[in-house]
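Heads up: the structure comes next, in structure tokens.
Since every read-out is calculated from the coordinates, none of them should be taken as a lab result. If you're wondering where the values come from, they're calculated on a predicted model, not measured in any experiment. Methodologically, a virtual Cβ is constructed for each residue, glycine included, from the backbone with ideal geometry; neighbour enumeration extends over all protein chains shown.
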Amino acid sequence: MDTIWYTRCPVPTPLGIAVQEGWLAREFAADGITLKSLQDNVEAEVRESHFDHHLAHSFRQGGNIPAIWARAKGRDTRVIGLSWTDEFQGIIALPGSGIRTPRDLLGRRLGLTRHAVSIDFKRAAALKAFETALDLEGISLSQVELVDVQDAPRLDTSPDYPSPFGGERRHHYESEVAALLRGDVDAIFVKGVLGTQVLHMLAAQLVIDLGVHPEPLVRNGNGTPRTLTVDASFIEQRPDLVTRFLGQVVAAGHWAAAHPREAVAYIGRETDASSEWVRYGYGQNVHQRLQTNLDDSAIAGLKSFKDFLLRHGFLDADFSVDDWIDPAPLAALAAQHQRTGT
């Protein structure tokens, strides 16, 4: 084996910090193993593994929707760690709309993007937020109007938003904001750093921020929890390498807790945002919320979100989350630390 692939989303992850610190490259250099990022590859088929996890000897830490979808499609992966980093999860409306609380959403038009992609994770995340917010008020999705929001045609002069991973892309919420301003919808869902920026750019009414709710399952979303997955064959063939990779990710979470300013700066590079926006979008204590483990509450959140995706037709088949999780690498890492006293 001479190559290990990895990928992460442009969000707070300990994997992102470990990459930026150079720990992973140094960990495997003596083995003659090269670490390669999917995002740095020019081949679209290779980059698609970020969603369908088809590459062997690859790790992914990021939103749980693509990971769940790939497993439901039959991809033989394993969850070896979960991280739960709370984030801004806002449903917003325009000032003067008369929508101030989730109860005011009754009978209103809620915007949902629709994309012809392998897994429409944006649509799923927004639908989950709408369902959760409405449920808090005893309102069902059948009592609102769900409106499909299509991407506007791309003009040659349309500006692109720079991606922190290189290249360019549209602003994540361009289509939803346009639909809101046109009056096609009454409320949209936005999250993370970009979500807080949209909120302020529009001087919008914040209907609810699910990300600060005291109940974890209300805060449950695409990023809560985030999954660290690896192909099962890699664990079977080289469990030692999997444990070593996991060890660097876990260590990055502990390092971040002890180095708040540096950790927030790294997250800013991942999210293409200033430290101020990072703390606004992910909380003042974001540096303390980058642990990778298999806590019961995170597993419960993963199960809940999988059930939601299945219920709304985002998955082709059901599967057991308990069987999907492999605690062996984390247990091996804990045993190693116990032996060495670290």
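Could you rank the peptides 201-212, 244-255, 32-43 by their average count of other C-beta atoms within 10 Å per residue, with the highest value first? Could you put the intermediate results ahead of the total?
Details: 201-212: 17.9, 244-255: 21.6, 32-43: 14.2.
Taking the mean over residues of other Cβ atoms within 10 Å, the ranking is 244-255, 201-212, 32-43.
Which order do the peptides 139-147, 20-28, 123-131 take when ranked by the mean count of other beta-carbon atoms within 10 Å per residue, highest first?
Values: 139-147: 14.0, 20-28: 16.3, 123-131: 22.2.
Per-residue Cβ counts within 10 Å, averaged per peptide and sorted highest first, yield 123-131, 20-28, 139-147.
Going highest first, how would you order 52-59, 310-317 by mean Cβ packing within 10 Å? Numbers along the way, then the final one.
Working: 52-59: 19.9, 310-317: 13.5.
Top of the packing list down: 52-59, 310-317.
Answer rounded, prolate or oblate for the stretch 213-342, using the Cα gyration tensor with square roots of eigenvalues a ≥ b ≥ c: rounded when a/c is under 1.5, else prolate when a/b is larger than b/c, else oblate. Present the calculation step by step, with values, prior to reporting the outcome.
Values: a/c = 1.94, a/b = 1.05, b/c = 1.84.
Verdict is oblate for the stretch 213-342.
Net charge near D2, counting Lys/Arg +1 and Asp/Glu -1 over other residues with Cβ under 13 Å of its Cβ?
Values: positive: K36, R238; negative: D31.
So the surrounding residues net to +1.
Take S142 and R261, extend 7 Å from each Cα along the Cα→Cβ direction, and tell me the distance between the two endpoints in nm.
Between S142 and R261, the simple spin-label model gives 5.7 nm.
Return the FRET efficiency for the residue pair E21, R339: r is the Cβ-Cβ distance, R0 is 25 Å, and the value is rounded to the nearest 0.05.
Details: r = 25 Å, r/R0 = 0.99.
Approximately 0.50, to the nearest 0.05.
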